[in-house]
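**Q** Here's a structure for you.
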Amino acid sequence: QVQLVESGGGLVQAGGSLRLSCTVSRSSFSIRVMGWYRQAPGNERQLVATITGGGFTYYVDSVKGRFTISRENAKNTVYLQMNSLRPEDTAVYYCNTHPILWSWGQGTQVTVSS
């Protein structure tokens, strides 16, 4: 059973920054494409960014230039640096593989106030 543990969320004012972390309890982490997803109230969970084992990245248009995804394979950890946060970034953030292979973790709440 793979465990995904997200952390780093919180309450921040618009324009602020947060760094999310996700640690994975699976030794095959380094070969997986990892993604960050988010789910706002009343909305479906959506992909935000992905990163391959070799470090190639993809971002949805709404976060390009503001968010940076990275990973440390030795620590089985993927990060999401979020800058210039906006109220519409408010959501619960999750990590998982892309495409999704594992059960979801508990997520971490990000709330951006205007």
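The values are calculated or read from the model by the stated rules, or taken from the named source; none is laboratory data. Predicted model only: the values in this text are computed from it and were never measured. Please note: Cβ atoms are built from the backbone with ideal geometry, for glycine as well, and neighbour counts cover all protein chains shown. Side chains are part of the model used for accessible areas, which takes the heavy atoms of the whole protein and leaves out ligands, DNA and RNA. Shrake-Rupley method; radii C 1.70, N 1.55, O 1.52, S 1.80 Å.
**Q** Of everything in region 19-44, what is among the aliphatic types (A, V, I, L, M) and out of contact with any Gly (no Cβ under 6 Å at 6 or more places or on another chain)? Give them in sequence order.
**A** Residues of region 19-44 among the aliphatic types (A, V, I, L, M): 20, 24, 31, 33-34, 40.
Scanning region 19-44 gives 24, 33, 34, 40.
**Q** While we're here: Could you check region 1-29 and list, in sequence order, the residues that are at pLDDT below 95, open to solvent by less than 50 Å² (accessible area, probe 1.4 Å) and over 14 Å from residue 100 (Cβ atoms)?
**A** The answer is 28, 29.
**Q** Here's another thing I want to ask about it. Here is a check on your reading of the model: is residue 36 open to solvent by less than 40 Å² (accessible area, probe 1.4 Å), closer than 17 Å to residue 6 by Cα and either without any contact (Cβ under 8 Å) to a residue 40 or more places away in the chain or not in a strand (DSSP E or B) (or both)? Reasoning before the result, please.
**A** Values: open to solvent by less than 40 Å² (accessible area, probe 1.4 Å): yes; closer than 17 Å to residue 6 by Cα: yes; either without any contact (Cβ under 8 Å) to a residue 40 or more places away in the chain or not in a strand (DSSP E or B) (or both): no.
In short, no.
**Q** Looking only at region 84-106, which residues are polar (S, T, N, Q) and surrounded by 13 or more Cβ atoms within 10 Å (Cβ to Cβ)? So that I can check it myself, show each step before the final result.
**A** Going through region 84-106, the residues polar (S, T, N, Q) turn out to be 84, 90, 96-97, 103, 106.
Hits for region 84-106 are 84, 90, 96, 97.
**Q** So which residues in region 39-49 are outside any strand (DSSP E or B) and open to solvent by less than 30 Å² (accessible area, probe 1.4 Å), if there are any at all?
**A** Listed by number, the list holds a single entry, 40.
**Q** Restrict the check to region 75-83 and report whether at least one residue is open to solvent by 60 Å² or more (accessible area, probe 1.4 Å), closer than 16 Å to residue 5 by Cβ and either without any contact (Cβ under 8 Å) to a residue 40 or more places away in the chain or among the small types (Gly, Ala, Ser) (or both).
**A** Within region 75-83, none of the residues are open to solvent by 60 Å² or more (accessible area, probe 1.4 Å), closer than 16 Å to residue 5 by Cβ and either without any contact (Cβ under 8 Å) to a residue 40 or more places away in the chain or among the small types (Gly, Ala, Ser) (or both).
**Q** Would you please list the contacts, defined by Cβ atoms under 9 Å and residues six or more apart or on different chains, that run from a residue in region 52-74 that is within 17 Å of residue 100 (Cα to Cα) and open to solvent by less than 70 Å² (accessible area, probe 1.4 Å) to a residue that is in a loop (DSSP other than H, G, I, E, B) and of a type in the set (A, V, I, L, M)?
**A** Listed by first residue and then by second, the contacts come to 52/33; 53/33.
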